[in-house]
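Only one structure is covered here, and it is reproduced in the block below.
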Amino acid sequence: MHKKPVLPALVVIAHGSRDPRHAATVHALVRRVRSLRPGLRVETGFLDFNVPSVHGVLRSLAADGVRDVVALPLLLTRAFHAKADVPAVLRDAPPQLRIRQAEVLGPSPLLLCALERRLYEAGLSPADKSSTGVVLASAGSSDPEAIAVIAEIAREWRRTGWCAVRPAFASASLPRTEDAVRELRALGCARVAVAPYVLAPGFLPDRIARGATEADVLADVLGPAPEVARVLLERYETARTPALAAVGA
């Protein structure tokens, strides 16, 4: 009998936060990922503030005899954390681990579906799209590539039928959420909705919420939406294929 190849473990790398809602939301998302892929070992490590740390998770996996790992940054854009922090922490992994870093989650059509899910949960319906302006509110970044990606997502989302879509940023970039809300009002949109393009609650999502006080609708963060869990598994599958080839070599 041919022995079934062992799937690489999936390590979800989250930023971490002093806000306890952050870790709780990350764990809820990871539970959904596990439910979609029984038999896949999925662990969570945090870069800062929360435990277990990424270092601790990787050491535990190595001690358990795991050899292949897909490390997935729980990030929506390829900004500083994905380009610097995550590779740095992976370079310090136990040498017996073969690690592939998966791509960040965004952009993805599934994430647009998750954004719309949250807007509909907040009270909108598909019939409202043509009369509703949406603020795509992200955490913000000083990385021009990340900002350009958010702007392109807004343009793409607008083409699905919304009255208008404007990007906004909670930090590092402009406009702020409240300014984008006012711009959509001035454009004549019958109603304005704010869709946080963030994964978990925390300091910057709270700033987005404060900027949404003049909006008609404020959606929840993406959190453990089923579409987000599916994106995680898509990124895992894409990254693991070369790892499996290496196992069979």
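The values are calculated or read from the model by the stated rules, or taken from the named source; none is laboratory data. Every value quoted in this text rests on a predicted model; they were computed, and no experiment measured them. Note: ideal-geometry Cβ built from the backbone for every residue, glycine included; neighbour counts use all protein chains shown. We work out accessible area using only protein heavy atoms, side chains counted, and drop any ligands, DNA or RNA first. Shrake-Rupley method; radii C 1.70, N 1.55, O 1.52, S 1.80 Å.
Suppose we filter Ala71, Ala62 for residues that are closer than 21 Å to Thr241 by Cα and in a helix (DSSP H, G or I); which single one remains? Lay out the reasoning, then the answer.
Numbers: Ala71 fails: in a helix (DSSP H, G or I).
Result of the check over Ala71, Ala62: Ala62.
Does the stretch 1-43 hold any residues that are closer than 24 Å to Asp206 by Cα and open to solvent by 10 Å² or more (accessible area, probe 1.4 Å), and which are they? Lay out the reasoning, then the answer.
Pass one, the stretch 1-43, residues closer than 24 Å to Asp206 by Cα: 12-30.
Answer for the stretch 1-43, where residues must be closer than 24 Å to Asp206 by Cα and open to solvent by 10 Å² or more (accessible area, probe 1.4 Å): His15, Ser17, Arg18, Asp19, Pro20, Arg21, His22, Ala23, Ala24, Thr25, His27, Ala28.
Quick grid of which residues meet (1) aromatic (Phe, Trp, Tyr); (2) surrounded by fewer than 23 Cβ atoms within 10 Å (Cβ to Cβ); (3) touching a strand residue (DSSP E or B) at 6+ places or on another chain (Cβ under 8 Å):
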| position | (1), (2), (3) |
| --- | --- |
| Cys113 | no, yes, no |
| Arg159 | no, yes, no |
| Phe169 | yes, no, yes |
| Thr177 | no, no, yes |
| Pro196 | no, no, yes |
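Would a scan of the stretch 52-61 turn up a residue that is closer than 17 Å to Asp85 by Cβ and touching a Ser or Thr at 6+ places or on another chain (Cβ under 8 Å)? Break it down into steps so the answer makes sense when it comes.
Going residue by residue through the stretch 52-61, those that are closer than 17 Å to Asp85 by Cβ are 52-58.
Cutting the leftovers down to touching a Ser or Thr at 6+ places or on another chain (Cβ under 8 Å) gives us 52, 57.
Checking the stretch 52-61: at least one residue is closer than 17 Å to Asp85 by Cβ and touching a Ser or Thr at 6+ places or on another chain (Cβ under 8 Å).
Looking for whichever is open to solvent by less than 20 Å² (accessible area, probe 1.4 Å) and either modelled with pLDDT of 95 or more or in contact with a Gly (Cβ under 6 Å, 6 or more places away or on another chain) (or both) here; the options are Leu119, Leu47, Leu90. Which one fits? Step through it out loud before you land on a result.
On the way: Leu47 fails: open to solvent by less than 20 Å² (accessible area, probe 1.4 Å); Leu90 fails: open to solvent by less than 20 Å² (accessible area, probe 1.4 Å).
After ruling out the rest, the residue left standing is Leu119.
Of the numbered conditions (1) touching a residue at least 12 places away in the same chain (Cβ under 8 Å); (2) surrounded by fewer than 20 Cβ atoms within 10 Å (Cβ to Cβ); (3) in contact with a helix residue (DSSP H, G or I) (Cβ under 9 Å, 6 or more places away or on another chain); (4) farther than 30 Å from Trp157 by Cβ, Gln101 satisfies every one except a single condition; which is it?
(4)
Among the residues of the stretch 124-138, which ones are within 16 Å of Leu112 (Cβ to Cβ) and open to solvent by 40 Å² or more (accessible area, probe 1.4 Å)?
Matches in the stretch 124-138: Pro126 only.
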